[in-house]
Every structure is written in structure tokens, then in C-alpha cells.
Amino acid sequence: MSTFKRMPNLRAERHPELITADKLAATPVPLVQLMREHIDAGKVTQQQLAAQLGFTGEAPLRQMLSGAMKVPLSLVPALSKALGIDEIALAGLWMRENDPRLHDYFNRMRELTNLSPGEVTLIEQIRTLTLGRGVVPVVFDKGPVVALLEC
């Protein structure tokens with residue numbers, strides 16, 4: 001039986017040391033291989049990685065590493081932190097391996113909403129400041145945000 005812990009969101013914009021989607025695309029590697037390489041490089045033991053993923057024992061991790069069990073999507077946030085890989089990039093790798101059509105769909109959607117890191121930060125800050133309520137930033141003549149209007 002496993003117990004999952006909620007992990008903080010890791011994004012490369014805030015953590016430049018993380019492996020990004022571009023780096024993963026340059027050298028496409030299966031997710032379990034990334035996990036094995038992390039263990040083989042001596043960065044962590046199987047027991048430590050299992051604990052970082054929220055497992056009480058090593059059995060589920062061994063099953064994933066052997067291919068007997070697929071890596072569940074719910075582990076992506078914890079794996080992101082444990083392996084030092086951008087969470088969105090790791091989710092993309094998971095989708096590419098487990099549902100290529102969904103991966104292609106999200107890639108097309110991302111191209112349509114190609115936000116800069118600054119725009120992403122602005123949106124995250126607005127959501128934090130407004131506690132998730134629907135608001136619209138008011139901007140005059142391409143200047144700074146001067147007000148937030150509730151929808």
C-alpha cells in the first residue's frame with residue numbers, strides 16, 4: 001500500500017537547474033530509464049527514491065523499474081522534484097509514452113497559447129492575489145497593470 005504526498009509545483013522558469021522540455025526532446029529517454037540513471041548515478045538509492053515518491057516500501061518502485069507496472073500520472077509532481085526535471089516537461093514525457101494522441105493535442109494547444117515566462121508569472125501572481133476569483137487586468141496603452149476588475 002502506498003501513501004502519496006502533495007509536492008510543490010516545480011517549473012524551470014523558477015528553477016533553472018531543472019531539465020526542461022527542450023532538453024528532454026533533444027535526447028528522448030523513457031521515463032523509467034531516467035529513474036534508473038538517477039539511481040545508477042548514485043544520486044539516490046531505490047529506498048530513498050521510493051520514499052520521495054511517497055511509497056512506504058520499495059516494491060512499487062521496483063515494479064515500475066522492471067516494466068511490470070506503468071508509472072502513474074499522479075507521480076509526476078514527486079518525480080519532477082526527485083529527478084530535477086521541470087514538472088510540465090515530465091508530464092509531457094509521461095503523455096508521450098502513455099498517450100501519444102493526448103501528447104500531440106497538448107503540444108498543439110501549447111503552441112496556440114505560447115506564453116512567455118513573464119506572462120505565466122503574471123497570471124500566477126494575479127491568481128494568487130485574487131484567491132482564484134475570475135478577474136481581468138486593466139492595462140492602459142501597453143503600460144503596467146493598473147487595476148484588477150472582478151468578472
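Where does the Debye-calculated log10 I(q)/I(0) of segment 88-130 sit at q = 0.17, 0.21 Å⁻¹, using only Cα point scatterers of equal weight, no solvent?
Values, matching the q order: -0.59, -0.75.
Obtain the nm distance between the two label points defined at Thr113 and Arg101 by a simple spin-label model: each point lies 7 Å from its Cα along the Cα-to-C-beta direction.
Modelled inter-label distance: 2.2 nm.
What's the FRET efficiency of Glu58 with Arg133 using the Cβ-Cβ distance as r and R₀ = 41 Å, to the nearest 0.05?
It comes to 0.40.
How far apart, in nm, are the 7 Å Cα→Cβ label points at Glu124 and Gln33?
So the label points at Glu124 and Gln33 sit 3.0 nm apart.
The numbers here are math on the coordinates, done by the rules we state, and not lab data. Since this is a predicted model, take the numbers as computed values, not measurements. So basically every Cβ, Gly included, is an ideal-geometry build from the backbone, and we count neighbours across all protein chains shown.
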